[in-house]
Amino acid sequence: MSLPPGLSDSHTHTPLCKHATGHPREYAQAALDAGLAGLCFTDHIPMPAWYDAPWRMRLDQLAEYVDTVREVQAEFAGRLDVRLGLEADFHPGTERFVERILAEHDWDYVIGSVHYLGAWGFDNPEFAAEYDERDLGQLYRHYGALVEGAARTGLFDSIGHLDLPKKFGHRAPDDSALLRALDVVAGLGLALDFNTAGWRKPVAEAYPSPQLTREATTRGIPFVLGSDAHAPGEVGFRFGDALAQVTAAGGRVVTFAGRQARG
Ligand SMILES: [Zn+2]
Ligand SMILES: [Zn+2]
């Protein structure tokens, strides 16, 4: 793979979330091996105990997460720009909890992701049969409204995997709900996670789709490249294709440091 210099992978996990493998040091080495200049860890944020507990670190593990990323940062200093971030969840009612965590450390980058429609973890393969019970137009309207809500909290730098409900192939009947969400995202100055994990899923398409990549670009929204790696071997996954899709749309790529976008 020959990537242009200077790229960063800004969406990666660690085993603290209980569904990823490999020491963070191995993710950093994989980033170097892939020819990347930077790597931002964005593991799943701790949430209130009642929310999605099997899929994230506990609150009392947050310090360990920060310390581990800081160690890897020091170890790779001068070779790889390692940054500290979080993939936070937007779930109505948990905003104050998330806000407190974001105030506790000097994060470089915080992604805001919607993983639940009510009590349904809609991106979990175990619960994918639920799609058959739903009207897809209504589903995407509900999801799009939650994305707008996430943007409006002011807590996040970007929106994670914009068109995630398509993961198992359940595409939106039309893009209207997500276009409304993009209007809000643009108006509030957030970025979009350009997430290559979709190319590893049944839908076989990155988040966002080529069409939504163009729509975001039209609105002036920048993209933050991320593999959503849950294993070292996934770091930088298909970044050449990601860059091609963003470039074809005329879009621009940024990274975040100290919660500020850098071109
Ligand atoms: Zn995960
Ligand atoms: Zn996610």
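Taking the residues in segment 175-200 that are assigned to a loop (DSSP other than H, G, I, E, B) and aliphatic (A, V, I, L, M) as candidates, determine which candidate is nearest to A216 (Cα to Cα).
The residue in question is L190.
Is segment 139-155 home to any residue that is more than 20 Å from the chain's Cα centre (by Cα), more than 24 Å from V253 (Cα to Cα) and touching a residue at least 40 places away in the same chain (Cβ under 8 Å)?
No, because not a single residue in segment 139-155 is more than 20 Å from the chain's Cα centre (by Cα), more than 24 Å from V253 (Cα to Cα) and touching a residue at least 40 places away in the same chain (Cβ under 8 Å).
Open to solvent by 20 Å² or more (accessible area, probe 1.4 Å) and either away from ligand 1 (no atom under 16 Å from the Cβ) or part of a loop (DSSP other than H, G, I, E, B) (or both): does that describe A244?
yes
Tally up the residues in segment 103-122 that are open to solvent by less than 20 Å² (accessible area, probe 1.4 Å) and either among the small types (G, A, S) or within 28 Å of L36 (Cβ to Cβ) (or both), please.
The number of residues fulfilling the criteria is 9.
Kindly provide the set of residues from segment 24-53 that are farther than 27 Å from A191 by Cβ, free of Cβ contacts under 8 Å to residues at least 24 places away in the same chain and either in a strand (DSSP E or B) or not aliphatic (A, V, I, L, M) (or both), ordered by number.
Once the filter is applied, which keeps residues that are farther than 27 Å from A191 by Cβ, free of Cβ contacts under 8 Å to residues at least 24 places away in the same chain and either in a strand (DSSP E or B) or not aliphatic (A, V, I, L, M) (or both), segment 24-53 yields only W50.
May I ask you to say which residue of P54, P15, P92 is touching a Pro at 6+ places or on another chain (Cβ under 9 Å), open to solvent by 20 Å² or more (accessible area, probe 1.4 Å) and farther than 21 Å from A257 by Cα?
Exactly one of P54, P15, P92 is touching a Pro at 6+ places or on another chain (Cβ under 9 Å), open to solvent by 20 Å² or more (accessible area, probe 1.4 Å) and farther than 21 Å from A257 by Cα, namely P15.
Considering segment 215-237 alone, what residues qualify as being open to solvent by 20 Å² or more (accessible area, probe 1.4 Å), touching a residue at least 24 places away in the same chain (Cβ under 8 Å) and more than 16 Å from ligand 2 (Cβ to nearest atom)?
E215, T217, R219, G220, P232, G233, listed by residue number.
Which residues, taken from segment 72-94, are over 30 Å from G149 (Cα atoms) and out of contact with any helix residue (DSSP H, G or I) (no Cβ under 8 Å at 6 or more places or on another chain)?
Answer for segment 72-94, where residues must be over 30 Å from G149 (Cα atoms) and out of contact with any helix residue (DSSP H, G or I) (no Cβ under 8 Å at 6 or more places or on another chain): Q73, A74, A77, G78, D81.
The values are calculated or read from the model by the stated rules, or taken from the named source; none is laboratory data. Being a predicted model, the structure only gives us computed values, none of them experimental. With ideal geometry, Cβ positions are generated from the backbone for all residues, glycine too; neighbour counts draw on all protein chains shown. For the accessible areas, the whole protein counts, side chains as well, though only heavy atoms, and no ligand, DNA or RNA atoms are used. Shrake-Rupley method; radii C 1.70, N 1.55, O 1.52, S 1.80 Å.
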